[in-house]
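The values are calculated or read from the model by the stated rules, or taken from the named source; none is laboratory data. These numbers were taken from a predicted model, which means no experiment stands behind them. Methodologically, a virtual Cβ is constructed for each residue, glycine included, from the backbone with ideal geometry; neighbour enumeration extends over all protein chains shown. These accessible areas exclude ligands, DNA and RNA; they are computed on the full protein's heavy atoms, side chains included. Shrake-Rupley method; radii C 1.70, N 1.55, O 1.52, S 1.80 Å.
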Amino acid sequence: MGWKTLDDMDLAGKRILVRVDINVPVEDGRVTDTTRIDRIVPTVRDILKGGGMPILLAHFGRPKGQYVPEMSLRVTLPALEAALGQAVTFVERPDPDMLAALPAGSVVLVENTRFAAGEEANDPGMARFLASLGDIFCNDAFSAAHRAHASTTGVAELLPSCAGRLMQAELSALEAALSHPTRPVGAVVGGAKVSTKIALLENLVVRLDLLVIGGGMANTFLAAQGAQLGASLREPDFIDTAKTIMARAEKKGCRILLPVDGLVAREFKSGADHDVIALGPETILADDQMVLDAGPESAQAVADAFNDLKTLIWNGPLGAFEISPFDRATNVAAAAAAGLSKAGSLISVAGGGDTVAALNQAGASDDFTYISTAGGAFLEWMEGKELPGVAALEH
Ligand code: AMP
């Protein structure tokens, strides 16, 4: 942990540039989910409490360096003001003099950083301009930390920098789960495809004691062992990858847990007729049959395996959780992890892609130790990559 927090900075009378992620969903000109806005409130409040002026920098959509009226951050203003319980000054074209003239206690929101071409290019001129607007840089956008942009890394190189409260919580949880985990440590990696998660699997098998593989991805691993899985989602081109990952896991002492049974159906739809079948190297399905979820024995085996763990990382569902009843294995395993976490015997950290939705649907989210809402950044962290936005805080 080479980064500073707000507690290490002297905030009184200073302008604090705060990179936040308020890239919220909007329909008919209104914010429909304020989660991301709610999560930055502690940082803004703590800066105000310390006597600093928060100047929020954020992106919204992908305007690609152009002014796009529908991508103005102005739309977030009512939700932001409601969450903070105070007025927020919206600034289209910020300049240092104008910011200096604002009264103490002001909160400022600067227009979409991605309207400027220099943002995504991490142009040094843009970084210098941003740095001229503040005295301190505070990054509270873990979810944007895998991008080296002017407002995430460029400006961090030029000003004294620290992590905001959300970034601090996120980094602490992630470091506890993977950098210095209490062992035994395991992971659930599920979801659709091996091809999107090769780097992640390769990184995990050398660090973990247990790897549970589920979802469509498990089909590719079963196929690598010889199973013929009919119409199941799988990637024949990645069978060798699956073999390499299994061999590596064995060498490094990481136990891989694959499904031993599954729910098979002939249609990918909610309520589809289905059977429970045993799964293994000898399995041969009919051409139109597909495995849509892990079966009850597998779900129980996963839940039992969690009992031996002290730390768990979770990414991806164990089946096609959007269509009932193929959400069952995910629900059973999620409930087990939630129960152990609530009882204090397991540190559980989850995130990435559909994982948040799957765990919410399972009713397990509240009891997990930490759920990251950062998609891409969470996955890159699981891959063991250095995130530029975090590295820039460590200078
Ligand atoms: P990912 O974004 O890689 O985490 O994948 C999540 C998606 O994988 C979800 O939409 C699931 O419906 C899908 N999925 C998981 N298991 C299966 C399966 N056995 N067959 C088809 N799709 C699956």
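For L174, state whether it is modelled with pLDDT of 95 or more and outside the structural domain of D304 (by TED's automatic domain parsing).
Values: modelled with pLDDT of 95 or more: no; outside the structural domain of D304 (by TED's automatic domain parsing): yes.
Judged against the criteria, L174 is not a match.
Pairs needed: first member in the stretch 179-203, within 10 Å of the ligand (Cβ to nearest atom); second member anywhere, open to solvent by 50 Å² or more (accessible area, probe 1.4 Å); C-beta distance under 7 Å; at least 6 residues apart or different chains.
These pairs meet every condition: G191/G353; G191/D354; A192/L233; V194/F238; S195/F238.
Please tell me if A336 is farther than 24 Å from S179 by Cβ, in contact with a Phe, Trp or Tyr (Cβ under 9 Å, 6 or more places away or on another chain), more than 14 Å from the ligand (Cβ to nearest atom) and assigned by TED's automatic domain parsing to the domain that holds M217. Lay out the reasoning, then the answer.
On the way: farther than 24 Å from S179 by Cβ: yes; in contact with a Phe, Trp or Tyr (Cβ under 9 Å, 6 or more places away or on another chain): yes; more than 14 Å from the ligand (Cβ to nearest atom): yes; assigned by TED's automatic domain parsing to the domain that holds M217: yes.
Judged against the criteria, A336 is a match.
Look through the stretch 4-50, keep the residues that are outside any helix (DSSP H, G or I) and of a type in the set (K, R), and return whichever of them is nearest to A144 (Cα to Cα).
Pass one, the stretch 4-50, residues outside any helix (DSSP H, G or I): 4-5, 9-34, 40, 50.
Keeping just the survivors that are of a type in the set (K, R) gives 4, 14-15, 19, 30.
Working: K4: 18, K14: 24, R15: 22, R19: 9, R30: 23 Å.
Residue satisfying both the conditions and the ranking: R19.
Could you list all residues from the stretch 112-135 that are more than 14 Å from P94 (Cα to Cα) and open to solvent by less than 10 Å² (accessible area, probe 1.4 Å)?
E119
Please go through the stretch 160-172 and give me each residue that is within 12 Å of H395 (Cβ to Cβ) and open to solvent by 20 Å² or more (accessible area, probe 1.4 Å), ordered by number. Outline the logic, then answer.
Pass one, the stretch 160-172, residues within 12 Å of H395 (Cβ to Cβ): 160-162.
Answer for the stretch 160-172, where residues must be within 12 Å of H395 (Cβ to Cβ) and open to solvent by 20 Å² or more (accessible area, probe 1.4 Å): just P160.
Restricting to the stretch 136-146, give me the number of residues that are under 22 Å from V75 (Cβ atoms) and open to solvent by 10 Å² or more (accessible area, probe 1.4 Å). If you could, list the steps in order and put the result at the bottom.
Here is the first cut: in the stretch 136-146, the residues under 22 Å from V75 (Cβ atoms) are 140-141, 143-144.
Still in the list and also open to solvent by 10 Å² or more (accessible area, probe 1.4 Å): 143.
The number of residues fulfilling the criteria is 1.
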